[in-house]
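Handing you this structure, nothing more for now.
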Amino acid sequence: MKKLYILFYIAGLTITGFAQYKNDNVLYKTVYTQDLCNELSSHPGYLLIDVRTPGEYADTSSRGLNLGRFKNAVNIEVLELGNRISEISNYKYKPVFVYCSHSQRSRRASKMLADSGFTQVFNINGGMTGLRQLPLEGNNCLYDKLETQNTYNIISAADLCTKISNNAKKILLLDVRNDSAFKHISLDAKINSFGYFKNSMHIPLADLETNILKVPAGREIIIIDLFGGEAAKAAELLKRNNYSNVSVLLEGLDAVNSTDRKTLACLPSAYISNLSYKIINAQELKSFLETTNEYLFLDARTTEEFTNKHKNYWQNIGHLENAVNIPSTDLEAQWNKIEGYKTKPVIVYVFGSGTVAHEVANTLVKKGFINVMVLQGGLFNIGWTAANVKGFSSLAKLRVDVPERD
């Protein structure tokens, strides 16, 4: 979430999403992707509703959002659901499973259905993205229920690690980031925070067509970028040029940072990061807090955001418990608040995966802080993970001072 179009997309998710978590297992039931096969089997005669846009449903939308669909799912975009509920009235007393890409729009849709008298509504947590993040091994039941118009495969960070660990020589990792991103010389601190996989071939997307003969045929090609969209374009180009076995890393290197490293056994030996600070995601934060007592949450957002007074109400989502708020622009003037943590863990966060958190982390390191971390996905992802990832609901307690919304 992740380029400019994704930033606007997240804003929309927040507006409809945070307000809906309180309805989970109240107005409708929620189902984790790991439990979905059992739930479907336990509810024969069910209906699957895809509330994404027609473009997402047909895999003709923004490439990073073309994730396939469930076979036999009915596509009713959430914005049209109110006017089209009559089309599914036969399922008012039957099981209805609702999904989208990240399970924010599906929550809105699930509430609408429950409010309209549907009695067995199930929201699929994590949506198509959450499902695609599951490893292939052990999840054939789910993947067999999917279909796609994509000409390439989509693999998770977990599956990529498995392939690297099992036989790295069988695959070719093709990194299509631009030169400044790959060489870590971008003007954007966040872009420079991504590492790279050993032995990967680097050809920027803009140069791939003229250099396509440099890409060897006969091996599985796994394309890597920052967030997934450029890799999909590269995959389509390779497929048009008769490369047969092409895969895209779901949500790119951003997904590597977002995945619990306990499930990515290949990273210590295969992934190189030269950062002077660390990235910690919501799942890893849970483990960290279970074993560490003394640390600092540094909230680098504006005072308006921290106190829930921002003009954009969707940015008012509380803060982490006991966090110290020092806006990034005031850091130099407020060192006295945090100097005692130079040798202790400092976890920097903002609203989402913004550049500001990385800029603050770099500044702290230069000032002599030795254990600095940036919270991947920021405050937004704490709420999302608590609601959508099995085993992490306790993270919701970390967010305090959250405004009550209808």
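What full-extension length gain, to one decimal in nm, is calculated for THR119 and THR329 as 0.36 nm per residue of separation minus the Cα-Cα distance?
Stretched fully, the THR119-THR329 segment lengthens by 70.5 nm.
ASN199 versus VAL26, label points 7 Å from Cα toward the beta carbon: distance in nm?
Reported label-point gap for ASN199 and VAL26 is 5.2 nm.
Next question. From zero up to wherever the largest Cα-Cα distance of the stretch 122-276 sits, split into 10 Å bins and tell me the percent of pairs in each.
10, 41, 36, 12, 1
Continuing with this model, one more query. At 1.4 Å probe size, with every protein chain present, just tell me what the per residue accessible area of the chain comes to in Å².
The answer is 44 Å² per residue.
Using θ = phi - 60° and the Karplus relation 6.51 cos²θ - 1.76 cosθ + 1.60, list the HN-Hα couplings for the stretch 258-267 in order, rounded to whole Hz, with x at every Gly or Pro.
8, 9, 4, 5, 4, 9, 10, 5, 7, 4
While we're looking at this one, here's another question. For the stretch 227-288, take N as its residue count and report Rg(C-alpha) divided by 2.2 N^0.38 Å.
1.42
With θ taken as phi - 60° and the coefficients 6.51, -1.76 and 1.60, list the Karplus ³J(HN,Hα) couplings across the stretch 234-245 in order, rounded to whole Hz; mark glycine and proline as x.
Along the stretch 234-245, the couplings run 5, 5, 4, 5, 5, 5, 5, 9, 6, 7, 8, 10 Hz.
Hey, any idea what Rg/Rh is for the stretch 81-146, computing Rh the Kirkwood way over Cα pairs?
So for the stretch 81-146, dividing Rg by the Kirkwood Rh gives 1.04.
Taking amide H positions as placed 1.01 Å from N in the peptide plane, with prolines and chain starts having none, which residues 5 or more places from VAL348, or on another chain, fall under 5 Å of its amide H?
Amide H neighbours of VAL348, under 5 Å, 5+ apart: LEU298, MET373, VAL374, LEU375.
Of the GluC sites (Glu not before Pro) in the stretch 43-138, which ones lie in a loop per DSSP and count no more than 12 other C-beta atoms within 10 Å?
GLU137
When the convex hull of the Cα atoms of the stretch 295-380 is projected onto a plane and the area is averaged over all directions, what value comes out in nm²?
Answer in nm², one decimal: 5.0.
Another question about this same structure. If you place +1 on the Cβ of every Lys and Arg, -1 on the Cβ of every Asp and Glu, and leave all else neutral, what size is the dipole of the stretch 24-146 about its Cα centre, to the nearest 20 Debye?
On the way: 14 positive and 12 negative charges, 33 e Å.
In total the dipole reaches around 160 debye.
Between the stretch 275-344 and the stretch 86-153, what's the alpha-carbon centroid distance in Å?
Comparing the Cα centres of the stretch 275-344 and the stretch 86-153, I get a distance of 34 Å.
May I ask you to work out the translational diffusion coefficient for the stretch 244-394 at 10 °C, viscosity 1.306 mPa s, via Stokes-Einstein with Rh from the Kirkwood sum over Cα pairs, reported in whole µm²/s?
Rounded to a whole number, D works out at 97 µm²/s.
Whole percent per 5 Å bin, from 0 to the bin with the longest distance: what is P(r) over all C-alpha pairs of the stretch 187-320?
Per 5 Å bin, starting at zero, the Cα-Cα P(r) for the stretch 187-320 comes out as 2, 8, 13, 16, 15, 14, 11, 8, 6, 5, 2, 0 percent.
Based on DSSP, what percent of beta bridges with both residues in the chain are antiparallel, to the nearest 5?
DSSP beta bridges in the chain are roughly 15 percent antiparallel.
Of the heavy-atom accessible surface of the chain (probe 1.4 angstrom), what whole percent is carbon and sulfur? Working shown, then result.
Numbers: 8740 of 17980 Å².
The computed percentage sits at 49.
Round to the nearest 0.05 the FRET efficiency obtained for LYS311 and SER165 when R0 = 30 Å and r is the Cβ-Cβ distance.
0.05
What nm distance separates the two modelled labels at TYR93 and ASN322, each placed 7 Å from Cα along Cα→Cβ?
Label-label distance for TYR93 and ASN322, simple model: 5.3 nm.
Turning to a different aspect of this structure: Name the residues whose placed amide hydrogens come within less than 5 Å of the amide hydrogen of LYS94, ignoring near sequence neighbours (fewer than 5 apart) on the same chain.
Placed amide hydrogens put THR119, GLN120 under 5 Å from LYS94.
Separate question: How long is the gain from LYS366 to GLU236 if the chain were fully straight, where each residue apart is worth 0.36 nm and the alpha carbon distance is subtracted?
Full extension from LYS366 to GLU236 adds 42.5 nm.
Farthest toward the dipole's positive end in the chain, which of LEU142, GLY228, THR33, given Cβ charges of +1 (Lys, Arg) and -1 (Asp, Glu) about the Cα centre?
Farthest towards the positive pole: LEU142.
Which pairs in the list LYS169/LYS390; LYS169/LYS239; LYS163/LYS214; LYS163/LYS390; LYS198/LYS390; LYS145/LYS233 are over 27 Å apart, alpha-carbon to alpha-carbon?
On the way: LYS169/LYS390 34 Å; LYS169/LYS239 21 Å; LYS163/LYS214 22 Å; LYS163/LYS390 25 Å; LYS198/LYS390 31 Å; LYS145/LYS233 25 Å.
Distance filter (> 27 Å) returns LYS169/LYS390; LYS198/LYS390.
Right, here's the next one. Enumerate the calculated ³J(HN,Hα) couplings along the stretch 342-356 in order (Karplus 6.51 cos²θ - 1.76 cosθ + 1.60, θ = phi - 60°), each rounded to whole Hz, writing x wherever the residue is Gly or Pro.
4, 10, 10, x, 10, 10, 8, 8, 10, 5, x, 9, x, 5, 4
Gap in Å between the Cα centre of the stretch 23-79 and the Cα centre of the stretch 194-268?
What the calculation gives is 27 Å, centre to centre.
Stretched out fully, how many nm does the piece from ASN153 to ARG84 gain, at 0.36 nm a residue minus the Cα gap?
Fully extending the segment from ASN153 to ARG84 adds 21.5 nm.
Among DSSP beta bridges whose residues both lie in the stretch 171-322, state the antiparallel percentage, nearest 5.
For the stretch 171-322, the DSSP antiparallel bridge percentage is about 15.
Sorted by mean Cβ packing within 10 Å, highest first, what order do the peptides 130-136, 104-110 take?
My ranking of the peptides, most packed first, is 104-110, 130-136.
Still on this model: Taking LYS367 as the anchor, which lysines have their alpha carbon closer than 21 Å to its alpha carbon, excluding any fewer than eight residues away along the same chain?
Excluding near neighbours in sequence, the set is LYS190, LYS278, LYS337, LYS342, LYS344.
For the chain, what does the helix formula give at 222 nm: sum of -39500 (n - 2.57) over DSSP H segments with n ≥ 4, over the residue count, nearest 500 deg cm²/dmol?
-8500 deg cm²/dmol
Please work out whether the stretch 49-108 counts as rounded, prolate or oblate from its C-alpha gyration tensor, where a ≥ b ≥ c are the square roots of the eigenvalues and a/c under 1.5 means rounded, while otherwise a/b larger than b/c means prolate and anything else oblate?
It is prolate, given that a/c is not under 1.5 and a/b is the larger ratio.
Run the quick spin-label model on GLU39 and ILE185: label points 7 Å from Cα toward the beta carbon, then report their separation in nm to one decimal.
4.9
The values are calculated or read from the model by the stated rules, or taken from the named source; none is laboratory data. Predicted, not measured: the structure shown is a model, and the values here were computed from it. A quick note on method: Cβ atoms are made from the backbone with ideal geometry, for glycine too, and the neighbour counts reach across all protein chains shown. For accessibility, only protein heavy atoms count, side chains too; no ligands or nucleic acids. Shrake-Rupley method; radii C 1.70, N 1.55, O 1.52, S 1.80 Å.
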